[in-house]
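K.L.:
One structure coming up, written as structure tokens, with questions to follow.
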Amino acid sequence: MEMMYAAAGIFVGLFGIINPVGNILIFISLTENFTRAEKIEVIKKTIGVATGVLFVFGLVGNYIFSIFGITIPAFRIAGGILIFSIGFDML
């Protein structure tokens, strides 16, 4: 049961990071002059690259952090500050 909760948490996190709903309009605007076959090819390449990047950073992300001396709490704090500053600018 704990594994289901962990998988759900990972899915929700990735869904928020990837933001497929918000990226639909960007995809449509960038590929408006493409044929259906070209759009499908772009989708396949995009999914492949995104999956590759997620797997690489999922496997070696901790090693990259340790090389630069970054801890997970420090990364969370920096991310929170960044999100706060973006949100504050949007006000």
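Read the figures in this text as sums done on the coordinates, not as results from a lab. What you see is a predicted model, and the numbers here were worked out from it, not measured in a lab. A quick note on method: Cβ atoms are made from the backbone with ideal geometry, for glycine too, and the neighbour counts reach across all protein chains shown.
K.L.:
Would you kindly derive the ³J(HN,Hα) couplings of region 46-53 from the backbone phi angles with the Karplus curve 6.51 cos²θ - 1.76 cosθ + 1.60 (θ = phi - 60°), listing them in order in whole Hz, with x for Gly and Pro?
P.N.:
The phi angles translate into 5, 5, x, 5, 4, 5, x, 5 Hz.
K.L.:
Using mean Cβ contacts within 10 Å as the protection proxy, how do 3-9, 37-43 order, highest first? Show your work: numbers first, answer last.
P.N.:
On the way: 3-9: 9.1, 37-43: 11.9.
Final packing ranking: 37-43, 3-9.
K.L.:
While we're on this one: Where does the chain land on the Kirkwood hydrodynamic radius, alpha-carbon pairs, in angstrom? Don't jump to the answer; show the numbers that get you there.
P.N.:
Working: mean 1/r = 0.0612 Å⁻¹.
Evaluated on the chain, it is 16.3 Å.
K.L.:
Convert each backbone phi in region 67-73 into a coupling constant with the Karplus relation 6.51 cos²θ - 1.76 cosθ + 1.60 (shift: θ = phi - 60°), then list the ³J(HN,Hα) values in order as whole Hz, x for Gly and Pro.
P.N.:
These are the phi-based 3J(HN,Hα) values: 4, 8, x, 9, 9, 4, x Hz.
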